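One structure is given below, encoded as C-alpha cells.
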C-alpha cells in the first residue's frame with residue numbers, strides 16, 4: 001500500500017496523469033490486486049499464530065514456558081501440591097481475567113490455557129484457616145491473562161497439582177444474548193466455621209444454568225477481618241466460581257477486611273471498591289456503600305460520570321447497578337437512605353432498569369419509577385422473617401413479591417429485553433418477569 005501511494009505521488013509530480021492515463025489506470029488495478037493478495041496472506045499468517053489469537057504475551061509474576069509449547073505433564077515433572085483453595089476467576093476489564101488458586105506446597109505453578117503452557121511462581125502466606133484457627137502456611141497463585149479472544153469458552157488446566165484440575169470459563173461476550181446470575185448474603189464463616197451447606201447448595205444450582213458471570217450482592221463472609229472465612233466462601237462456591245467470573249459488591253460484614261478483599265479479587269478500577277464493566281450490549285456498575293456516597297465524595301462523582309457516559313452510548317442497551325444495602329425494603333434492616341437520596345435520583349435520569357441489592361436475608365421485588373429493585377439476600381445466611389408492608393401516606397404501592405426464602409436469580413439478557421427468573425434452594429421457581437425496552 002505504501003509503494004502504491006509513493007508511486008501515485010511520483011506519477012502526478014511528473015505530470016504523467018494526462019499523458020499516460022491508460023497506463024495510470026492499469027497500474028492502479030495492478031497495485032489494488034497486489035494489496036488484496038498481501039492482505040490475504042497476512043491474515044492467514046495471523047490465524048496460524050496461536051499467540052496472535054490469544055493475545056497472551058506473559059502471565060502475572062511469570063513468563064510463558066520457554067520450552068516446547070506442546071509440552072505435557074511429563075515434561076514439567078510431578079507435583080505434590082493439593083488445593084487449599086479451589087480456583088476462581090475475576091474479570092479486570094478489556095477482556096482480561098485473573099485466575100486464582102492456592103495450594104499446600106511451595107512449587108512453581110503450571111497452567112495450560114487452551115494450547116499454551118505458562119508458569120506462575122507462588123506467593124507464600126501464613127494465615128489462620130479452619131475451625132481451629134491455627135496458623136497455616138499456604139501458597140497463592142494469581143495468573144493474569146490479558147486481551148483474551150471474545151465470545152469464546154476458554155479452557156484451562158492447572159497441571160502443577162498432585163491431581164491436575166481442568167475447567168473452562170466464558171470470555172467477555174460481545175453478543176446481545178447472554179446469561180448472568182445474582183445472589184448474596186451467603187455469609188460464609190462464623191457461626192458455620194467449617195462450611196455453609198446452603199451456600200454450597202445455591203452455588204451448585206446456579207452453576208447448572210451456566211451463567212457467563214455471577215454478581216454477589218455482598219456479605220460474603222461473617223467477619224471480614226478473619227481470612228479463614230474467605231477461604232470458606234471460595235470453597236463453598238467452588239463448583240460455580242471455577243467456571244464463571246465473579247463480581248462482588250462489598251457488604252457491611254466485609255468491613256475490617258478491605259486489605260484481605262483486595263488480595264482475593266482483581267476487579268476493574270484498580271484497588272477501589274467500586275467499578276464498572278461492559279458485557280455484551282450492557283453496562284454494569286458495582287458500588288460500595290461502606291465507602292460513603294454523597295455529592296461531595298469521589299465515588300458519587302465517579303458514578304455520575306460513569307452512568308451518564310454509559311447512558312449516552314448507543315451501543316449500551318441495558319444498564320445494571322448493584323450495591324449491598326437496598327434503597328427500598330420492608331424487611332429487618334431499614335432502607336439505606338443515602339442510597340435512596342443520592343443514588344436513586346441518578347438512576348431515574350438514565351435507562352437503568354434493574355438494581356440488585358442484598359443486606360436483608362430474604363427475597364423482595366420492588367418496582368418503582370420504572371426501575372426494578374431486587375433484594376437478593378438469600379444466599380445462605382439465616383433468613384429474616386417477613387414483616388408487615390407499610391407505605392407512606394399517599395404513596396403508591398410498589399412491592400411486587402416478598403418471600404422469606406433462600407434464593408438466587410438467573411438473568412437472561414437479549415437485544416431489547418431482560419428476562420429474570422428467581423429460584424429457591426430447591427430450584428423451584430419463585431418468580432419470573434420481563435423487562436422490555438421502552
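The values are calculated or read from the model by the stated rules, or taken from the named source; none is laboratory data. Bear in mind that the values here come from a model prediction, so they are computed numbers and not experimental data. Reconstructed Cβ throughout: ideal geometry from the backbone, glycine too, with neighbour counts over all protein chains shown.
Please tell me if residue 228 is in contact with a helix residue (DSSP H, G or I) (Cβ under 7 Å, 6 or more places away or on another chain), touching a residue at least 12 places away in the same chain (Cβ under 8 Å) and crowded, with 18+ Cβ neighbours inside 10 Å.
When the stated conditions are applied, residue 228 does not pass them.
Kindly indicate whether any position in region 74-85 is touching a helix residue (DSSP H, G or I) at 6+ places or on another chain (Cβ under 7 Å), loosely packed, with under 14 Cβ neighbours inside 10 Å, farther than 16 Å from residue 263 by Cβ and modelled with pLDDT under 95.
Checked against the condition, which is being touching a helix residue (DSSP H, G or I) at 6+ places or on another chain (Cβ under 7 Å), loosely packed, with under 14 Cβ neighbours inside 10 Å, farther than 16 Å from residue 263 by Cβ and modelled with pLDDT under 95, region 74-85 yields no hits at all.
Looking at (1) in contact with a strand residue (DSSP E or B) (Cβ under 8 Å, 6 or more places away or on another chain); (2) modelled with pLDDT under 95; (3) within 17 Å of residue 245 (Cβ to Cβ), which one does residue 149 not meet, given that it meets all the others?
Of (1) in contact with a strand residue (DSSP E or B) (Cβ under 8 Å, 6 or more places away or on another chain); (2) modelled with pLDDT under 95; (3) within 17 Å of residue 245 (Cβ to Cβ), only one is false for residue 149: (1).
Conditions (1) assigned to a helix (DSSP H, G or I); (2) surrounded by fewer than 19 Cβ atoms within 10 Å (Cβ to Cβ); (3) in the same structural domain as residue 412 (by TED's automatic domain parsing), marked per residue:
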position: 260; (1), (2), (3): yes, yes, yes
position: 267; (1), (2), (3): no, no, yes
position: 271; (1), (2), (3): no, yes, yes
position: 276; (1), (2), (3): no, no, yes
position: 283; (1), (2), (3): no, no, yes
position: 295; (1), (2), (3): no, yes, yes
position: 302; (1), (2), (3): yes, yes, yes
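Take residue 379 and decide whether it is modelled with pLDDT of 95 or more, over 23 Å from residue 318 (Cα atoms) and either assigned by TED's automatic domain parsing to the domain that holds residue 336 or outside any loop (DSSP other than H, G, I, E, B) (or both).
Answer is yes for this residue.
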